[in-house]
Amino acid sequence: MNKIIKKEYFSEKVVKLVVEAPLIARSRKAGHFVIVRVGAKGERIPLTIASADKDKGTITLVVQAVGKSSSKLCALNEGDYITDVVGPLGQATHIEKVGTVVCCGGGVGVAPLLPIVEAFKKAGNRVITVLAARTKELIILEEQMKTNSDEVIIMTDDGSYGQKGLVTQGVEDVIKREKIDLCVTIGPAIMMKFVSLLTKKYNIPTVASLNTIMVDGTGMCGACRITVGGKTKFVCVDGPEFDAHQVDFDEMMMRLSSYKDME
Ligand code: FES
């Protein structure tokens, strides 16, 4: 049982939970995720660890209420317990000094992007972060990103905050302005597909985190099967991060939509 120490609303449906998990806090690295279950018969929810505090023994999770299980998790309050938190799981992000890194996140994908931004900055890179959402209210973690980035660019679909336009526009403006050595993208599959097409055009190595497709997170359910460079991969075991230019995003989107009715 893991206690919720702090709960904060980023928007009506996006919640930040600081959860007691000392062993995970000690060993997690950027890119790792945990599996969370609410109730003994609860569905398993894979969630990327947004940040961790080794001294306090806590991890931070950002959850968007999408279906039944994520709504149940978001409804828990400070002092409540999460039945299980298992992890850290997955392969950690490969972090090194490459020069200038553009990190772009859309919607709730901004949460798993935060530890990656922090880690690339710590490794001595120039980090430019592009945050995108439909409206101002859905932009999350802006302050934390500012603390860890050399520059933060905000894009909103409706122009209610930052610049009006899609994430790809923000990224392309940066590409046209300066040399970019690496791009990291996390968000809806359609967003990652178009970021990947854009950076391919400019020959910029790009990493995409495909955590949204995971279900049980253990390599057993097969739901996270994707094709990367013509080979079958499991996001929860081989990922969640892959060379974006090799990912078959159309297949991934088809797979994601097959669970819509049940959700
Ligand atoms: Fe089930 Fe990967 S999430 S096999």
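The values are calculated or read from the model by the stated rules, or taken from the named source; none is laboratory data. Owing to the predicted nature of the structure, the values given are computational and were not obtained by experimental measurement. Reconstructed Cβ throughout: ideal geometry from the backbone, glycine too, with neighbour counts over all protein chains shown.
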Per-region count, the stretch 79-108, residues at negative phi, touching a Pro at 6+ places or on another chain (Cβ under 7 Å) and not in a strand (DSSP E or B): 0
Residue match in the stretch 164-180 (condition: of a type outside the set (Val, Ile, Thr), over 19 Å from the mean Cα position of the chain (by Cα), farther than 15 Å from residue 102 by Cβ and not in a loop (DSSP other than H, G, I, E, B)): yes
Strands (runs of 3 or more DSSP E) lying entirely in the stretch 183-238 (those with 1 or more residues that are touching a Ser or Thr at 6+ places or on another chain (Cβ under 9 Å), away from the ligand (no atom under 15 Å from the Cβ) and in contact (Cβ under 8 Å) with a residue 24 or more places away in the chain): 206-209
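Taking the stated definitions as given, is residue 83 surrounded by fewer than 22 Cβ atoms within 10 Å (Cβ to Cβ), under 15 Å from the mean Cα position of the chain (by Cα) and either modelled with pLDDT under 90 or over 23 Å from residue 210 (Cα atoms) (or both)?
Numbers: surrounded by fewer than 22 Cβ atoms within 10 Å (Cβ to Cβ): yes; under 15 Å from the mean Cα position of the chain (by Cα): no; either modelled with pLDDT under 90 or over 23 Å from residue 210 (Cα atoms) (or both): yes.
So residue 83 fails the test.
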Enumeration of residues in the stretch 171-194 that are under 22 Å from residue 236 (Cβ atoms) and not polar (S, T, N, Q): 184, 186, 187, 188, 189, 190, 191, 192, 193
Criterion (more than 13 Å from residue 36 (Cβ to Cβ) and surrounded by 19 or more Cβ atoms within 10 Å (Cβ to Cβ)) met by exactly one of 61, 113: 113
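Would it be correct to say that residue 249 is within 16 Å of the ligand (Cβ to nearest atom), within 26 Å of residue 114 (Cβ to Cβ), buried (at least 16 other Cβ atoms within 10 Å of the Cβ) and modelled with pLDDT of 90 or more? Can you show your working first?
On the way: within 16 Å of the ligand (Cβ to nearest atom): no; within 26 Å of residue 114 (Cβ to Cβ): yes; buried (at least 16 other Cβ atoms within 10 Å of the Cβ): yes; modelled with pLDDT of 90 or more: yes.
No, not satisfied.
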Pairs where the first residue, in the stretch 246-263, is under 19 Å from residue 186 (Cβ atoms) and in a helix (DSSP H, G or I) and the second is of a type in the set (Asp, Glu) and at pLDDT below 75, C-beta under 6 Å, 6+ apart: none
Odd one out for residue 147 among (1) at negative phi; (2) in a loop (DSSP other than H, G, I, E, B); (3) without any contact (Cβ under 8 Å) to a residue 24 or more places away in the chain: (2)
Test: residue in the stretch 187-210 that is buried (at least 17 other Cβ atoms within 10 Å of the Cβ), modelled with pLDDT under 95 and of a type in the set (Val, Ile, Thr): no
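If only one of 241, 172 is modelled with pLDDT of 90 or more, crowded, with 17+ Cβ neighbours inside 10 Å and within 16 Å of the ligand (Cβ to nearest atom), which one is it?
Numbers: 172 fails: within 16 Å of the ligand (Cβ to nearest atom).
Answer to the selection: 241.
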